[in-house]
Amino acid sequence: VSNVDEHLLERLGRACALAKLVGQSPAFLKATAAVPLFADSDAAVLISGETGAGKELLARAIHYLSPRAALPFVAVNCGALPDSLLENELFGHERGAFTDAQATREGLLAEAGRGTLFLDEIEALSPRAQVVLLRVLQDGSFRPLGSTRAERRAEARFVAATNTPLELEVQAGRFRADLYYRIGVLCVSVPPLRERPEDIVPLARHFLRKHAGAEAALELSASAEAALLAHRWPGNVRELENVILRAALLRRDGRLEAPDLGLRAAPAAAKPAGGSFNDLKRQAIDAFERDYLTRLMLEHSGNVSRAARAAGKERRDLGRLLKKHRLDSLSARSRHHA
Ligand SMILES: Nc1ncnc2c1ncn2[C@@H]1O[C@H](COP(=O)(O)OP(=O)(O)OP(=O)(O)O)[C@@H](O)[C@H]1O
Ligand SMILES: [Mg+2]
């Protein structure tokens with residue numbers, strides 16, 4: 001390791017500490033090695049990675065390590081914004097700009113000032129919204145809706161996140177190539193949790209400290225660690241945090257054993273064959289239901305109504321299924337938001 005690498009590694013460690021980000025695995029360190037360099041630059045950053053992999057936390061780490069650290073970090077969820085609201089959210093409006101505009105309102109771009117503007121789920125931007133964003137990135141200026149005054153400078157640093165590889169969206173014609181090149185000057189891809197198993201147990205301990213509360217020092221048994229390592233983590237770090245949160249709630253003291261985690265047992269193939277057809281079928285269905293429900297709830301951020309709609313089930317039936325699998329903790333009402 002050269003001196004330069006050591007220096008970068010040390011700064012990366014500092015960024016992780018600042019953002020309370022756990023990541024010691026070779027895969028994670030390799031993927032994020034350039035982050036300290038990104039932090040020094042004003043160029044736009046594109047962070048890609050599966051759901052729950054830690055894109056937003058990494059965006060914060062970049063911000064905290066940058067000269068803008070003391071300035072605001074403002075997040076915009078592009079996926080949650082209908083087309084018609086994007087400009088209003090980003091640029092704000094003058095009083096009287098439209099029927100409901102009773103007062104002048106600053107947009108998020110002005111709120112971020114010279115800090116960092118985090119554009120989450122950028123892959124979800126509509127074609128029209130893409131044009132709007134491209135214009136800001138190109139011109140470095142914007143005008144609040146209804147404003148007749150001079151344009152204002154956009155001084156924020158842009159960091160965007162995407163769940164799907166944006167270059168594929170470009171190839172498929174769903175994302176403008178020119179915007180892709182503007183927003184992805186610097187790129188970093190957060191590896192999924194299953195590709196960095198060395199991070200699983202340290203993350204689990206981190207979440208135990210975070211959620212067990214000071215009074216109860218919970219430990220992981222060897223069987224619990226093995227179960228964590230055997231799981232595939234489709235919901236990545238967020239899923240791990242939810243598993244630990246649920247286990248810490250159900251089990252207030254002592255040591256967590258594998259069953260306390262409520263993960264489904266090792267894949268059927270690893271188990272000795274045997275048992276009646278009906279038993280094995282029941283187990284397979286249970287495993288499928290658990291897996292499906294976990295993904296579904298993570299995908300819809302714990303919103304039961306939306307999840308039910310997506311799954312084509314009645315809200316009540318979905319609630320019952322979640323209860324049956326003791327997955328109610330994945331619903332937003334009982335979920336902890338970091
Ligand atoms: N390396 C990490 N160390 C500690 N906590 C982490 C880490 N990665 C993720 N988390 C936590 O896991 C949760 C999900 O992370 P985050 O919101 O950054 O993921 P994301 O990639 O933005 O997910 P999504 O695509 O669903 O928006 C958060 O509560 C975050 O604090
Ligand atoms: Mg996110």
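The values are calculated or read from the model by the stated rules, or taken from the named source; none is laboratory data. Just so it is clear, the structure is predicted and the values come from calculations on it, not from any experiment. Glycine gets a Cβ as well: all are built from the backbone with ideal geometry, and neighbour counts include every protein chain shown. Side chains included, ligands, DNA and RNA excluded: accessible areas come from the protein's heavy atoms. Shrake-Rupley method; radii C 1.70, N 1.55, O 1.52, S 1.80 Å.
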### Query
What residue, of 33, 70, 44, is within 27 Å of residue 205 (Cβ to Cβ) and not hydroxyl-bearing (Ser, Thr, Tyr)?
33
### Task
Report, by residue number, each residue of the range 21-43 that is open to solvent by less than 40 Å² (accessible area, probe 1.4 Å), among the hydrophobic types (A, V, I, L, M, F, W, C) and within 16 Å of ligand 1 (Cβ to nearest atom).
21, 22, 27, 28, 31, 35
### Task
Filter the range 240-261 for residues that are open to solvent by 70 Å² or more (accessible area, probe 1.4 Å) and in contact with an Asp or Glu (Cβ under 6 Å, 6 or more places away or on another chain) and give the result.
251, 255
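Looking at 54, 23, can you tell me which residue is small (Gly, Ala, Ser), within 13 Å of ligand 2 (Cβ to nearest atom) and closer than 24 Å to residue 201 by Cα? Show your work before the answer.
On the way: 23 fails: within 13 Å of ligand 2 (Cβ to nearest atom).
Step by step, each of 54, 23 is checked, and only 54 is small (Gly, Ala, Ser), within 13 Å of ligand 2 (Cβ to nearest atom) and closer than 24 Å to residue 201 by Cα.
If I ask for residues that are within 16 Å of ligand 1 (Cβ to nearest atom) and within 21 Å of residue 300 (Cα to Cα), which ones from the range 69-82 would you list?
Taking the range 69-82 as the starting set, the residues that turn out to be within 16 Å of ligand 1 (Cβ to nearest atom) are 73-81.
Of everything in the range 69-82, those that are within 16 Å of ligand 1 (Cβ to nearest atom) and within 21 Å of residue 300 (Cα to Cα) turn out to be 75, 76, 77, 78, 79, 80, 81.
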## Note on the structure
When every residue in the range 112-154 that is more than 16 Å from ligand 1 (Cβ to nearest atom), in contact with a Phe, Trp or Tyr (Cβ under 9 Å, 6 or more places away or on another chain) and in a strand (DSSP E or B) is compared, the one modelled with the highest pLDDT is 153
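Can you tell which of 18, 90, 109, 85 is away from ligand 1 (no atom under 16 Å from the Cβ) and surrounded by fewer than 19 Cβ atoms within 10 Å (Cβ to Cβ)?
On the way: 18 fails: away from ligand 1 (no atom under 16 Å from the Cβ); 90 fails: surrounded by fewer than 19 Cβ atoms within 10 Å (Cβ to Cβ); 109 fails: surrounded by fewer than 19 Cβ atoms within 10 Å (Cβ to Cβ).
Exactly one residue qualifies, and that residue is 85.
Any idea which residue in the range 44-68 is nearest to ligand 1 (Cβ to nearest atom), counting only those that are over 12 Å from the mean Cα position of the chain (by Cα) and open to solvent by 40 Å² or more (accessible area, probe 1.4 Å)? Walk me through how you get there before you give the answer.
We begin by selecting, within the range 44-68, every residue over 12 Å from the mean Cα position of the chain (by Cα); these are 44-46, 61-68.
From the residues that got through so far, the ones that are open to solvent by 40 Å² or more (accessible area, probe 1.4 Å) too are 64, 67.
Numbers: 64: 14, 67: 22 Å.
Here the residue is 64.
Filter the range 155-177 down to the residues that are assigned to a helix (DSSP H, G or I) and either surrounded by 17 or more Cβ atoms within 10 Å (Cβ to Cβ) or in contact with a helix residue (DSSP H, G or I) (Cβ under 6 Å, 6 or more places away or on another chain) (or both) and list them by number. Don't jump to the end; show me each part of the working.
Of all residues in the range 155-177, those assigned to a helix (DSSP H, G or I) come to 166-171, 177.
Answer for the range 155-177, where residues must be assigned to a helix (DSSP H, G or I) and either surrounded by 17 or more Cβ atoms within 10 Å (Cβ to Cβ) or in contact with a helix residue (DSSP H, G or I) (Cβ under 6 Å, 6 or more places away or on another chain) (or both): 166, 169, 170, 177.
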### Query
Across the range 222-246, what is the total count of residues that are under 16 Å from residue 202 (Cβ atoms) and polar (S, T, N, Q)?
1
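So which helices (runs of 4 or more DSSP H) are wholly in the range 231-338 and hold at least 1 residues that are at pLDDT 85 or above and closer than 23 Å to residue 49 by Cβ? Explain how you work it out, then say what you get.
Numbers: elements: 236-250, 277-299, 304-311, 315-324.
In the range 231-338, the matching helices (runs of 4 or more DSSP H) lie at 236-250, 277-299, 304-311.
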